[in-house]
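A short worksheet on the structure shown next.
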Amino acid sequence: MDGNNAVNIHFPFIHQSDNPIIQIMAAMLRQSFHELTVATRGRGFYEITRDVERWVAENKFKEGLLTLHLQHTSASLLIQENADPDVRRDLEAFFQRLVPDGDPLFVHTTEGADDMPAHVRTALTAVNSSVPVHGGRPVLGIWQGIYVWEHRTHPHSRRVALHFIGE
């Protein structure tokens with residue numbers, strides 16, 4: 001995973017205000033953007049929790065909201081159990097049964113028998129998620145991890161945009 005392209009976003013019009021309430025809010029509120037690159041090896045789950053936690057810690061975010069957005073249509077972004085790998089295996093098996101590769105129902109086959117099923121899998125799951133940040137850490141349950149779920153059978157490079165707003 002990569003992502004040395006953090007951008008801090010400031011609000012110059014707020015900082016120029018004479019209103020003391022707006023000045024206090026400007027001192028407390030900040031935004032930051034970052035992009036992770038996830039190299040997948042084909043279909044499966046790729047945990048990015050540690051990368052996300054590292055970015056939050058490095059930027060000393062305290063309280064706020066972190067939005068994650070996967071910039072693709074044939075992979076998903078999930079918060080899912082990270083303790084028992086059987087959960088991820090079972091999810092994959094369920095989706096294989098629900099949306100099998102090579103299903104004759106699909107007309108869109110230009111990129112391979114796994115492409116349209118990958119789009120359907122993405123449509124049934126999600127490409128974005130919001131995670132609160134409290135006390136300098138993303139608020140996740142004890143067994144929760146953040147994953148890129150690759151739906152294609154071949155390796156891909158996936159981009160995850162991270163946007164934080166808060167203090």
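Kindly indicate the residue of segment 96-131 that is touching a strand residue (DSSP E or B) at 6+ places or on another chain (Cβ under 6 Å) and not hydrophobic (A, V, I, L, M, F, W, C) and also surrounded by the most Cβ atoms within 10 Å (Cβ to Cβ) among those meeting that condition.
Checked segment 96-131; the qualifying residue surrounded by the most Cβ atoms within 10 Å (Cβ to Cβ) is THR122.
Report the residue count in segment 103-132 for those that are hydrophobic (A, V, I, L, M, F, W, C), more than 17 Å from LEU77 (Cβ to Cβ) and touching a residue at least 24 places away in the same chain (Cβ under 8 Å).
Total satisfying the criteria: 0.
Name the single residue, out of those in segment 132-164 being surrounded by 13 or more Cβ atoms within 10 Å (Cβ to Cβ) and of a type in the set (Phe, Trp, Tyr), that is nearest to ASP51 (Cα to Cα).
Ranking the candidates gives TYR147 first.
Only one residue in VAL131, VAL148 is in contact with a Pro (Cβ under 7 Å, 6 or more places away or on another chain) and part of a strand (DSSP E or B), so which one is that?
VAL131
So which strands (runs of 3 or more DSSP E) are wholly in segment 1-110 and hold at least 2 residues that are among the aliphatic types (A, V, I, L, M), under 21 Å from LEU140 (Cβ atoms) and modelled with pLDDT of 95 or more?
In segment 1-110, 30-39, 64-70, 75-81 are the strands (runs of 3 or more DSSP E) which contain 2 or more residues that are among the aliphatic types (A, V, I, L, M), under 21 Å from LEU140 (Cβ atoms) and modelled with pLDDT of 95 or more.
The values are calculated or read from the model by the stated rules, or taken from the named source; none is laboratory data. Quick caveat: nothing in here was measured; it's all calculated off a predicted structure. Don't worry about glycine lacking a Cβ; one is built from the backbone with ideal geometry, like all the others, and counts go over all protein chains shown.
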